[in-house]
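Remarks on the structure that follows.
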Amino acid sequence: MKRIITATVQDRSGVLYRVTGLLQRRQFNIESISVGPTETEGISKMTLVVEVEDEQRLEQVTKQLNKQIDVLKVSDITDKAIVARELALIKVASSSQLRSEINGIIDPFRALIIDVSKDSLAIQITGRPDKIDALIELLRPYGIKEIARTGLTALQRGHQPQVNELAAHALLK
Amino acid sequence: MKVEAKELEFQTSTAPQTGADLLIDLLKKEGVETLFGYPGGAVLPIYDAIYRAQGTIQHILFRHEQGMIHAAEGYARITGKPGVVIATSGPGATNLVTGITDAMMDSLPLVVFTGQVARNVIGTDAFQEADVMAITTPITKHNYQVRSIADLPRIVKEAFHIASTGRPGPVLVDIPKDISAGLLSEEPKEATINLPGYQPTTKPNPLQIKKLADSITKAKKPVILSGAGVLHGKASAELTAFAEQHQLPVVTTLLGLGTFPADSPLSLGMGGMHGTYAANMALYECDLLINFGARFDDRLTGNLKHFAPNAKVAHIDIDPAEIGKNVPTQIPIVSDSKEALTELRTETKESPNHEEWLETLKQYKQDYPLWFKHDSNGMCPQWVIEAVHKVTNGDAIVATDVGQHQMWAAQYYTFKQPHRWITSGGLGTMGFGFPAAIGAQIAAPDSTVVAIVGDGGFQMTLQELSIIYERNLPVKIIIVNNGALGMVRQWQELLHGNRISESILHTQPDFVKLAESYSIRGYRVDTQEELITVLPEVFAYNGPVLVDCRVLQQEKVFPMIAPGKGIHEMIGVKP
Ligand SMILES: Cc1ncc(C[n+]2csc(CCOP(=O)(O)OP(=O)(O)O)c2C)c(N)n1
Ligand SMILES: [Mg+2]
C-alpha cells in the first residue's frame, strides 16, 4: 500500500542522506520525496510517498525514522484530511499549429504553458499525482520530450473530520 | 633559551589553546580516563594536545585500529561507560568500520573521534580523505562533522549523551585537521545539549504494566526471555527477584548470559540456534512470553512461523523500533528494563498457577541436558571450557571470539553474575575476542579476564599481544585450537554434504613461540591431564599467558537449529 509520510527534521547536513539511506537499507521503496524549509528556521519538512506491504512494515518505517536523532516528528497522514500537491513540468513536441489543440487539453487541468519554442512547449501543472498522471497520458500522443516532477508535498487540513468521515478524504488507497 | 621558556609556559598553561586542547579538556569533563587510539597525520594536533596533557588522561596505543575499537567495546561492556576511540582520517577511520558496526549491532556505547582533512580540501580527494560521514551514517547511532571550533563543546557533550543513554550505541565525531589545530579565539562557553529529536522513553506505560501483570497471573506456561537490555538497565537483581517471587522460568539470549544466575532452578539456559533443549522448548510451548530487552534476533527465534506460536508476547524495550519488528507483540512496553521491572513487581499481585509447566521444564532439563562424549583420541573443546570454568570458579570475565568455541563458551561457562560476558553477538565479528578482553582488563584491572578464542579468529587481531606485555595486563588467552574454521567446517559437514571447502587451517604459527616472541608465557596442551596441571599455574600467574589447547577437530556444537527450521526442530539433542 502507498502511504504519505511527513517527517519534520532538523536542517543539518546529511539529514537527507540519513533518511533515504535508512529507507533503502531497510528495503522500503520510496516513490517520491520532497524536502523544503518550514515556517521555523532550521527545521525542514520531508514528504515521502512510500510503498509498504502491510501495517507492520508501516509501523517499522515510522519508528525507524523517528529513531533518527535529527528527525523531530513523523506522521503518516495518508488517512488524514490533507491537501496534497505535486508540480510537474512537461515538455511536449508541438508545432505552432498544434498549440491551440494542446491548450484545449490542458485548460481543464488548470495547467499553464510556460515556455514556447519553434517545435516544443513546456507545460506547468500543479495537483494531485493522479491528476498529473492523467494529463501526461493525454499529452503522450503529441510526443513528450521531457518530464520533471517535484514529488508530492502535503499539509493536514485545518479541520480534521471524525474517523467515519475519513475514508472519503483518503488520497491514496 | 627565550623560546624554550615560552614553550614551557605554553605546556603548563591550563587554559586550552587549540581545538585539540579543548577536546582533551572536554573529554576530561566527561570523566574519560582512557583513550583507545592510533595516531596519524590528520590527528597530529590531537596527539600534540595529548602530549601536553602530560598523562592526565591515559592513552593506550594499540597496534591496529580494529584491535583498539574492539578493546573499547570490551571496556564499554564492562564499565557501561562509553569507550573512547581516536583514529586518523582515511585508512585509520575505515579500519574502524567493523568495530563501529559491531557496537551498533550489540548496542555498545562508544564515542569515536576521527581526524579529517582540513575543511578547505574536504571533497577534493585529498591525501587520506575518506567520506567517513557517509560511510558511518548507517552504522552509528549518530555522527557529527565538526564545522567550527565553537560547536565542539556542544557536539562532544551530545555525543556522550547519545552514546550512553536510551539504547546505547556508537557515536562518531569527525574533526577536520584545521579545527583541531585551530587556535581558540575566545574562552569556550559551557555547552548545553540541544537534541529536540532525541528523548528516549524510560518509564513504562502503567496500563501496559497492569495488562502484563494480569497476563502473568493468568498464564499457564509463562517464560521470561532475558536479553542485553537487562544489562544496560542494570536490572539483573530486579529480574532475578521478580522471577523467583513468581517462579517464572528464564531463558537468556546469547548476549543476556549472566542476567539471570545459571545455577538457579528456574534457569533454562541460553535459547536459540545453539540453545538448550529446555530453553527452546519453553520458547516453543509457552503461552506467555515476556521479553526483557532482547531484540528477537533470527539466531534466537529460528523460523518465525514456529516461534512461540501459542504465546501472548510482551516485549519490554527502550527502543520502540524493536517492538513488533520481528514478532507480533500484544503487550508493547517502551521502557528501561529496571523501571519496568520495578513497576511490574508492585503490580503483579498474584503468581500464576503453573506447577505443571515447571514440572515439564524440569523434566526437559533433566532428560536433555547439554552433552558431549569424551574421546580417547584427544581433548574435547567443551571440556576445555568446563576446566576453565572450574579453575576460575565461574567468576571470570570471559571474552570470546566467534565460532564454535564461542558457542561452547556460552554453553559451558555458566555465569552466576551479570557483566562478566563479552561476545560479538549481532555482527559475529571474528577478531573481536582477544582485543575485547584487553579492554575488559583495562576496565577491571583486578578481575580475572579470559579470552576464549579460536585458532582462526585469534589470527585476525593477535598483534595486540604487544599491549598485554607492554602494560602487563594479565589476560589469559585460551586458544581452542581445532586447526579449522570450525563453525564453517561444521556447517559444511552438516548442511553442505560434507564438502569441506577452505575451512581447514593447514598451517599455523607455533602459538607458544609467537607468544614468547612478544615476551609472553605460552603453553601448548594436548591432553586433559596436561590441561589439569597447567591451568592452575596459568591462573596463579600475575601476567598475561597464552594456552594453545589442541582439541578434536570434528567436534560439533549441539543442539543446533538449522537455518530455516523452527525453534523446536533441534538436531543433536542428547540421545
Ligand atoms: C570477520 C569474519 N570473517 C568470517 C566469518 C565467518 N566465520 C564464522 S565462524 C568462522 C570460523 C572461526 O574459526 P575459529 O576462529 O578457528 O573458531 P572455531 O569455529 O574453530 O571455534 C568463520 C570463518 C566471521 N564470523 N567473521
Ligand atoms: Mg578453529
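The values are calculated or read from the model by the stated rules, or taken from the named source; none is laboratory data. Here the structure is a predicted model, which is why all the values come from computation and not from measurement. Counting neighbours? That spans all protein chains shown, and the Cβs are built from the backbone with ideal geometry, glycine included. Only protein heavy atoms, including side chains, enter the accessible area calculation; ligands, DNA and RNA are left aside. Shrake-Rupley method; radii C 1.70, N 1.55, O 1.52, S 1.80 Å.
The calculated P(r) of the stretch B:439-511, using every Cα pair and 5 Å bins from 0, goes 3, 14, 21, 18, 14, 11, 9, 6, 4, 0 in percent.
Aspartates and glutamates near B:K556 by alpha-carbon distance under 15 Å, same-chain residues fewer than 8 away left out - which ones? Here the aspartates and glutamates satisfying the reach criterion relative to B:K556 are B:D375, B:E493. Carbon and sulfur: what percent of chain B's accessible surface (1.4 Å probe)? In chain B, the share of accessible area belonging to carbon and sulfur is 52 percent.
Over the Cα atoms of the stretch B:2-181, the radius of gyration divided by the Kirkwood radius equals 0.96; this is the Rg/Rh ratio.
Computed over the stretch B:414-546, the P(r) curve from all C-alpha pair distances, binned at 5 Å from the origin, holds 2, 9, 18, 21, 20, 15, 9, 4, 2, 0 percent per bin. Label sites at B:I500 and B:R521, each approximated as a point 7 angstrom past Cα along Cα to Cβ, lie 3.4 nm apart. Mean residue ellipticity at 222 nm, helices only, the protein assembly as shown: -10500 deg cm²/dmol; runs of at least 4 DSSP H residues each add -39,500 (n - 2.57), and the sum is divided by the number of residues. With a threshold of 30 Å on the Cα-Cα distance, the over-threshold entries among A:K80/B:K234; B:K221/B:K338; A:K73/B:K349; B:K211/B:K325 are A:K80/B:K234; A:K73/B:K349.
Scanning chain B for trypsin sites (Lys or Arg not before Pro) that sit in a DSSP loop and have at most 11 other Cβ atoms within 10 Å, the longest stretch containing none of them is B:1-188. Hey, what did chain B get for relative contact order, percent, Cα under 8 Å, at least 6 apart? Contact order relative to length: 14 percent. The translational diffusion coefficient of the protein assembly as shown, from Stokes-Einstein at 4 °C and 1.567 mPa s with a Kirkwood hydrodynamic radius over alpha carbon pairs, comes to 45 µm²/s.
Ranking A:M1, A:M46, B:M460 by solvent-accessible area of protein heavy atoms (1.4 Å probe, all protein chains present), from largest to smallest, gives B:M460, A:M1, A:M46. Take the Cα of A:L155, step 7 Å toward its Cβ, do the same at B:R345, and the gap between the two points is 5.3 nm. Per the Kirkwood formula applied to alpha carbons, the stretch A:82-153 shows a radius of gyration over Rh ratio, Rg over Rh, of 0.96.
Restricting the calculation to Cα atoms, chain B shows an Rg/Rh of 1.00 when the hydrodynamic-style radius is the Kirkwood one.
Per the Cα gyration tensor, the stretch B:206-367 maps to an equivalent ellipsoid with semi-axes of 20, 18, 15 Å, ordered largest to smallest.
Total accessible area buried between chains B and A, 1.4 Å probe, in Å² to the nearest 100?
Numbers: alone 23410 and 10270 Å², together 32090 Å².
Chains B and A together bury roughly 1600 Å² of accessible area.
Nearest 0.05, what FRET efficiency do A:I30 and B:A241 give at R0 = 45 Å with Cβ-Cβ as r? Efficiency, from the Cβ-Cβ distance: 0.40.
Based on protein heavy atoms only, chain B ends up with 39 Å² per residue of surface accessible to a 1.4 Å probe. Interface residues of the stretch A:58-78, defined as those with an accessible-area decrease of at least 50 Å² between the chain by itself and the complete set of protein chains (probe 1.4 Å), are A:Q60, A:K63, A:K67, A:I69. For the residue pairs B:K81/B:K312; A:K63/A:K145; A:K2/A:K118; B:K362/B:K390, alpha carbon separations beyond 31 Å are given by B:K81/B:K312; A:K63/A:K145; A:K2/A:K118.
Peptide B:42-51 has a mean shielding of 0, counted as Cβ atoms of other protein chains within 10 Å of each residue's Cβ. Once both labels are positioned 7 Å from their Cα atoms along Cα-to-Cβ, the gap between B:H161 and B:K305 label points is 4.8 nm. Globularity index of the stretch A:11-117 is 1.47 (Cα radius of gyration / 2.2 N^0.38 Å, N = number of residues).
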